[in-house]
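A.B. asks: Take a look at this one; I'll ask things after.
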Amino acid sequence: MTNTAYETIIGLEVHVQLQTNTKLFCRCSTSFGAEPNTQTCPVCIGMPGSLPVMNRQAYALGLKTAVALNCQIPEFTKWDRKQYFYPDLPKGYQISQFDLPMSEHGWLEISDPKGAFETKKIGITRAHLEDDAGKSMHDEAAGRSDSRIDLNRTGTPLLEIVSDPDLRSADEARAYLSELKLLLTYLGVSDCNMQEGSLRVDANINLHIAQGERTAATPIVEVKNMNSFRAVERALRFEANRQFESWQANPVELGSPGGHKTTRGWDDQMQITRIQREKEESSDYRYFPDPDLLPVTATEADVASVRGALGELPAALRVTLAKKYGIDAYDADVLVNQGRPLVAYFEELAAACDDGRRASNWVQQDVLRLLNEMDATIDQFPVTAAALGELLKFIAAGDIDNTRAKDVLQEMIDAQSSAAEAMAKLGIEKVDASDLESLCRELLAANPAVVADLKEGKMKAVGALIGQAKKQNPNVNPAQIKSICIELVKQL
Amino acid sequence: MSLSKADVEKVASLARLKLTDEELSTMTRQLDQVIQYVQQLEELDTSGVQPMAHTADLANVFADDLLRASLPRDAALANAPKRDDECYLVPPVLGD
């Protein structure tokens, strides 16, 4: 898994669009997909004399996220201008945070239920609030020589979440992103839709290579243009190999001549990274405090009240579910990773059938499979937790077996009926105990070879009888047939 | 400190300004004077003075997250040197 020849050092920068109605510094809509340049105003297109005012909700969502990421919240924060020229940045500067970000020094715990790496805390360097740029489109197909600029996105609130360089593999980077996305979803601060650009990932990666007593570091590469978590994973694998090969061919160390930081873009078609423009020095952005914006202060009481309102977050919820319902850590992980609405469904189901493990199995094996087939979310699932709970109670009572119950669930969906109605429709009735016994006697009489096997203790032989019994009456409970047959053979 | 021509060339380049040799000389002299003027502030003893982020003694000024009408597209695009029906047009942007 990990190459002993080198250690991979990865830090991630995640930009997440906060779910506000309006932009960070003006009241234009942030909704995605509108006609180009229909959601702009003098503030977000940088007209002289316009004044930005901070969106209360954007700050609140940023603060909520920072607190959930275990960040320290300084009492005082301010915004700065980051100057650079690009056609999609009409003001000529981005409003960001430089030396006094709204939060820093947090952490996020990642783990792998399959044990690919140890559970560890990934440091969060900082999370700060800034405005987004617009979109440039170059339509080569139309043979157009100009780029077209749409400024609808300009000014949308972004939270930039910067991790410490604590990640040691592409697997860990993937786990960090999944856990971060899950947390953001639980918090309801972003829809995290990568296709719509609500969540964007840049990665910084280099290698530490053992050189006898000392360790040599390869030049840091910032990787951009990764449009899915899978792309991030692949790009990081590719880049680690590329840097190692490059080092073997020509060992250049970080900071030595030719060893400065570079930017590379991920090419998803070719599955390679390509060199992009040289990264400007940080000082070239000529940050200075934005005189148009006022600072923001947060008291300990403010932070405590935000913390108090967070609700149970994924890490804690996994532990709670495992403990409360007696399910495995792995199962709790699967349920929690599906999001809060599915967890709510599971909890309601577990309460309805009074059996956490059975509820967990049914949610994971059947509800998730059906949702996948329907391409639906749990909110759209046609069977309520209470209705499914009824069915699971019939199973617990021995009225129906697990396999037949799956048919019943399908019937409940098709006919939008209750468990009892679906069972009646399928002709499933509880088979009377005396009927069962006479059926078993018939079967034993007709199958002397099976009886002989059972007498010798070959219990698997009973399977043949169960098959025959189900043919005669599909509603019999296999477990009951098995125990009755074994009991009868003992009496022979 | 005195400003060099190289300093001014760098600042001009970051601001995407193209200066003739003559303009570069004039700018270097004028910017140098501006800096020297502001530099007089260094004569003040500011030890024990809290850094100030803003001249207004205010903080926590927010607006509620309530939608307001945006500019009509034609008005937004009105000042663009070049445009089509929907977008601003700029010389081709290379790379990303």
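The values are calculated or read from the model by the stated rules, or taken from the named source; none is laboratory data. Here the structure is a predicted model, which is why all the values come from computation and not from measurement. When we count neighbours, we look across all protein chains shown, and the Cβ atoms used for this are built from the backbone with ideal geometry, even at glycine. Accessible surface is based on the protein model in full, side chains and every heavy atom, while ligands, DNA and RNA are left aside. Shrake-Rupley method; radii C 1.70, N 1.55, O 1.52, S 1.80 Å.
A.B. asks: Before we move on, is residue B:57 within 10 Å of another protein chain (Cβ to nearest Cβ), open to solvent by less than 60 Å² (accessible area, probe 1.4 Å) and either under 23 Å from the mean Cα position of the chain (by Cα) or of a type in the set (Asp, Glu) (or both)?
C.D. replies: No, not satisfied.
A.B. asks: Now for a different question. Taking the criterion of being more than 30 Å from residue A:39 (Cβ to Cβ), of a type in the set (Gly, Ala, Ser) and either open to solvent by less than 20 Å² (accessible area, probe 1.4 Å) or touching an Asp or Glu at 6+ places or on another chain (Cβ under 7 Å) (or both), would at least one residue in region A:136-143 satisfy it?
C.D. replies: No, there is no match, as no residue in region A:136-143 is more than 30 Å from residue A:39 (Cβ to Cβ), of a type in the set (Gly, Ala, Ser) and either open to solvent by less than 20 Å² (accessible area, probe 1.4 Å) or touching an Asp or Glu at 6+ places or on another chain (Cβ under 7 Å) (or both).
A.B. asks: To continue, here is another question. How many of the residues making up region A:1-43 are charged (D, E, K, R) and either surrounded by fewer than 18 Cβ atoms within 10 Å (Cβ to Cβ) or not assigned by TED's automatic domain parsing to the domain that holds residue A:153 (or both)?
C.D. replies: The number of residues fulfilling the criteria is 3.
A.B. asks: Restricting attention to region A:307-350, and to residues there that are of a type in the set (D, E, K, R) and outside any helix (DSSP H, G or I), which single residue is nearest to the chain's Cα centre (by Cα)?
C.D. replies: By that ranking, first place goes to A:312.
A.B. asks: Right, something else. Suppose we keep only residues that are open to solvent by 50 Å² or more (accessible area, probe 1.4 Å) and either β-branched (Val, Ile, Thr) or assigned to a strand (DSSP E or B) (or both) within region A:83-119. Which one would you say is nearest to the other protein chains (Cβ to nearest Cβ)?
C.D. replies: Residue satisfying both the conditions and the ranking: A:104.
A.B. asks: Take residue A:413 and decide whether it is touching a Ser or Thr at 6+ places or on another chain (Cβ under 6 Å) and open to solvent by less than 30 Å² (accessible area, probe 1.4 Å).
C.D. replies: no
A.B. asks: Okay, moving on. All but one of (1) in contact with a helix residue (DSSP H, G or I) (Cβ under 7 Å, 6 or more places away or on another chain); (2) closer than 23 Å to residue A:312 by Cα hold for residue A:358; state the number of the condition that does not hold.
C.D. replies: (2)
A.B. asks: Under 6 Å between Cβ atoms, which residue pairs at least 6 apart in sequence (or on different chains) link something in region A:249-267 that is part of a loop (DSSP other than H, G, I, E, B) with a partner that is β-branched (Val, Ile, Thr) and surrounded by 14 or more Cβ atoms within 10 Å (Cβ to Cβ)?
C.D. replies: That search, which allows pairs on different chains as well, returns A:258/A:252; A:259/A:252; A:261/A:220.
A.B. asks: Could you check, for region A:102-121, whether at least one of its residues is over 23 Å from the mean Cα position of the chain (by Cα), touching a residue at least 40 places away in the same chain (Cβ under 8 Å) and either farther than 25 Å from residue A:55 by Cα or not assigned by TED's automatic domain parsing to the domain that holds residue A:293 (or both)?
C.D. replies: Within region A:102-121, not a single residue is over 23 Å from the mean Cα position of the chain (by Cα), touching a residue at least 40 places away in the same chain (Cβ under 8 Å) and either farther than 25 Å from residue A:55 by Cα or not assigned by TED's automatic domain parsing to the domain that holds residue A:293 (or both).
A.B. asks: Within region B:71-88, track down each residue that is part of a strand (DSSP E or B), within 8 Å of chain A (Cβ to nearest Cβ) and either at pLDDT below 95 or open to solvent by 70 Å² or more (accessible area, probe 1.4 Å) (or both).
C.D. replies: If the condition is that a residue be part of a strand (DSSP E or B), within 8 Å of chain A (Cβ to nearest Cβ) and either at pLDDT below 95 or open to solvent by 70 Å² or more (accessible area, probe 1.4 Å) (or both), then no residue fits.
A.B. asks: If you don't mind, another one. Pull up region B:13-54, narrow it to residues that are open to solvent by 100 Å² or more (accessible area, probe 1.4 Å) and hydrophobic (A, V, I, L, M, F, W, C), then point me to the one that is nearest to residue A:77 (Cα to Cα).
C.D. replies: B:52
A.B. asks: Look through region A:44-55, keep the residues that are in contact with a strand residue (DSSP E or B) (Cβ under 8 Å, 6 or more places away or on another chain) and at the interface with chain B (Cβ under 7 Å from one of its Cβ atoms), and return whichever of them is most open to solvent (accessible area, probe 1.4 Å).
C.D. replies: A:53
Per-residue answers, yes or no, for (1) within 14 Å of chain B (Cβ to nearest Cβ); (2) at pLDDT 95 or above:
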site: A:3; (1), (2): no, no
site: A:6; (1), (2): no, no
site: A:13; (1), (2): no, yes
site: A:20; (1), (2): yes, yes
site: A:36; (1), (2): yes, yes
site: A:42; (1), (2): yes, yes
site: A:57; (1), (2): yes, yes
site: A:62; (1), (2): yes, yes
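A.B. asks: Taking the criterion of being in a loop (DSSP other than H, G, I, E, B), among the polar types (S, T, N, Q) and open to solvent by 70 Å² or more (accessible area, probe 1.4 Å), would at least one residue in region A:282-295 satisfy it?
C.D. replies: No - not one qualifying residue is present in region A:282-295.
A.B. asks: OK, next. Inside region A:207-246, can you point out the residues that are within 14 Å of residue A:169 (Cα to Cα), part of a strand (DSSP E or B) and either outside the structural domain of residue A:154 (by TED's automatic domain parsing) or open to solvent by less than 10 Å² (accessible area, probe 1.4 Å) (or both)?
C.D. replies: Of everything in region A:207-246, just one residue is within 14 Å of residue A:169 (Cα to Cα), part of a strand (DSSP E or B) and either outside the structural domain of residue A:154 (by TED's automatic domain parsing) or open to solvent by less than 10 Å² (accessible area, probe 1.4 Å) (or both), namely A:207.
A.B. asks: Counting only residues that are over 25 Å from residue A:389 (Cα atoms), give me the helices (runs of 4 or more DSSP H) lying completely in region A:413-492 with at least 1 of them.
C.D. replies: By residue number, A:433-446, A:448-455, A:462-472, A:478-491.
A.B. asks: Also, quick follow-up: Among the candidates B:32, B:45, B:57, B:7, which residue alone is assigned to a loop (DSSP other than H, G, I, E, B) and at pLDDT 90 or above?
C.D. replies: B:45
A.B. asks: Could you look through region B:32-54, keep only residues that are within 14 Å of chain A (Cβ to nearest Cβ) and aliphatic (A, V, I, L, M), and pick out the one that is nearest to residue A:148 (Cα to Cα)?
C.D. replies: Top of the filtered list is B:53.
A.B. asks: With the structure loaded, tell me whether residue A:78 is at pLDDT 95 or above and either surrounded by fewer than 17 Cβ atoms within 10 Å (Cβ to Cβ) or out of contact with any Ser or Thr (no Cβ under 9 Å at 6 or more places or on another chain) (or both) or whether it fails that test.
C.D. replies: Criteria met by residue A:78.
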